1. So residue 197 ticks every box in (1) outside any helix (DSSP H, G or I); (2) in contact (Cβ under 8 Å) with a residue 12 or more places away in the chain but one. Which box is left unticked?
2. How many residues are among the small types (Gly, Ala, Ser) and in contact with a Leu (Cβ under 8 Å, 6 or more places away or on another chain) if we restrict to region 121-169?
3. From the list 208, 254, pick out the single residue that is farther than 27 Å from residue 377 by Cβ and either buried (at least 24 other Cβ atoms within 10 Å of the Cβ) or more than 16 Å from the ligand (Cβ to nearest atom) (or both).
4. Restricting attention to region 282-336, report how many residues are surrounded by 24 or more Cβ atoms within 10 Å (Cβ to Cβ), of a type in the set (A, V, I, L, M, F, W, C) and more than 16 Å from the ligand (Cβ to nearest atom).
5. Tell me which residues, restricted to region 371-398, are among the aliphatic types (A, V, I, L, M) and part of a helix (DSSP H, G or I).
6. Quick one: residue 371 ticks every box in (1) within 30 Å of residue 24 (Cα to Cα); (2) among the basic types (Lys, Arg); (3) free of Cβ contacts under 8 Å to residues at least 60 places away in the same chain except a single one, so which number is it?
7. Only one of 187, 209, 244 is over 30 Å from residue 272 (Cα atoms) and of a type in the set (A, V, I, L, M, F, W, C); which?
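The values are calculated or read from the model by the stated rules, or taken from the named source; none is laboratory data. Predicted, not measured: the structure shown is a model, and the values here were computed from it. Every residue, glycine among them, receives a Cβ derived from its backbone with ideal geometry; neighbour counts consider all protein chains shown.
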Amino acid sequence: MDRYAIQGGEPLVGEVQIGGAKNASLAILAAAVMTDSKVNIENVPDVTDVNVLLKAMERIGVKVERPDRHTVVMDSSNIDSCVIDDEYIKRIRASYYLVGALLGKTRQAEVPLPGGCNIGVRAIDQHIKGFKALGAKVRIQHGCIIADADELRGNHVFFDKVSVGATINIMMAACLAVGKTIIENAAKEPHVVDLANFLNSMGANIKGAGTDVIRIKGVEKLHGTTYAVIPDQIEAGTFMLASAATHGDVMVRGVIPKHLESITAKLCEIGCHVTEYDDAVRVSAPEPLTSTQVKTLPYPGFPTDMQPQITVALGLAQGTSIVTEGIFENRFKYVEELIRMGASIKVEGNMAVITGVQKYTGASISAPDLRAGAALVIAALAAEGETIIEDTSFIERGYEAFEVKLRELGARIERISSDKDLTKFHLRFA
Ligand code: UD1
């Protein structure tokens, strides 16, 4: 299993180019099976979650081509099964988007219950409620969600909880239902809007995405399209926080600054300078950072997927900060690893009370999940001495060429697979 070796203590300086959004890509690729025509999707990141989803779709007869690293061409005219392969898909959360997509297209779907990051219970009751409201029969059997319908009919769906996944799933199925669907208390995340734009470019009739009421008029069928995925707001935010924690100066390019506003606001509060350009943000961070309070919330609130990264930065800020996790119940597991690096953090329920320390020190740690893994890399970059991070495959689920991009900003980081690699790393940096 690969590890990262990191020699910390260097501020990150330079420019980084952000790729396409992983979460938008997963929704869009799943939705692309809903047409029999060819679909050309650009700006897709080359990350494990995306590749696993594509593999699972190939297994049901979708033809997938990758004319270049970031373009996917899909032809779903010959799907021969609506049963998704267990082995591949259980590894990722977004597998369940295939329920909405296949149910919309073929009126049946059988998909293993999702895996993904181990950050909480991650119920699917709102998805099931939505599918049932559209007239589908849904049951959970042998670890799979099985859904089928003679006919899907538009309906009024009121979510009890704001859920990105449920909003996306019901939006997909409703596109090809008969009549009108109104989703209330819908999620407003940028990738919900991106998916709606993608589906509309295939001939769907969706209005209101980005607000909490989405109106969908069902259409008979969808046609082919060419579409470019939005930039990854979480990848961008991760580099912004890496700049903050290492007291660096990083220009984060290829972003939509509006999507980063909640992150930008917190960085300003803790003393960073953030300059917004049309499609870039520059973050520079003087010493010391100052404390603040953060609560993760659905968009446009501060994203839960940025919670570990900001906690890492606040661990180095003067004073006491409080981070409250408002979305998932088990998202502070990485704090144990951070404490081993010298952080002073107390977790009580869904709240972390952070007393800033002057520095972290390198240690041997492991990445417990995708975003926490990235956050621990940030901690290691800021730390004095060497850190070895195990289980980097979690990080590769959502970050393309993470260590390459960091090296281009001056980070001393290498991916190592053997003791020989580690010796080379020591010769180079120690
Ligand atoms: C998506 C993102 C994930 C992000 C999360 C919140 C993808 C592939 N994943 O996950 O990176 O952290 O949004 O922004 O886009 N819930 C229920 N019942 C349901 C559905 C959800 O109780 O039927 C709860 C969940 O347990 C969680 C909260 O609602 O506490 C939010 O979950 P949701 O927005 O659905 O997250 P995901 O779509 O799984």
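1. The one condition residue 197 does not meet is (1).
2. Selection size over region 121-169: 6.
3. It is 208.
4. Qualifying residue count for the region: 7.
5. Just the residues of region 371-398 that are among the aliphatic types (A, V, I, L, M), to begin with: 372, 374-383, 388-389, 395.
372, 374, 375, 376, 377, 378, 379, 380, 381, 382, 395, listed by residue number.
6. Status for residue 371: all satisfied but (3).
7. 209
The rows are residues; the columns are (1) modelled with pLDDT of 95 or more; (2) crowded, with 22+ Cβ neighbours inside 10 Å; (3) not hydroxyl-bearing (Ser, Thr, Tyr).
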{"residue": "134", "(1), (2), (3)": "yes, yes, yes"}
{"residue": "140", "(1), (2), (3)": "no, no, yes"}
{"residue": "159", "(1), (2), (3)": "yes, no, yes"}
{"residue": "163", "(1), (2), (3)": "yes, yes, no"}
{"residue": "171", "(1), (2), (3)": "yes, yes, yes"}
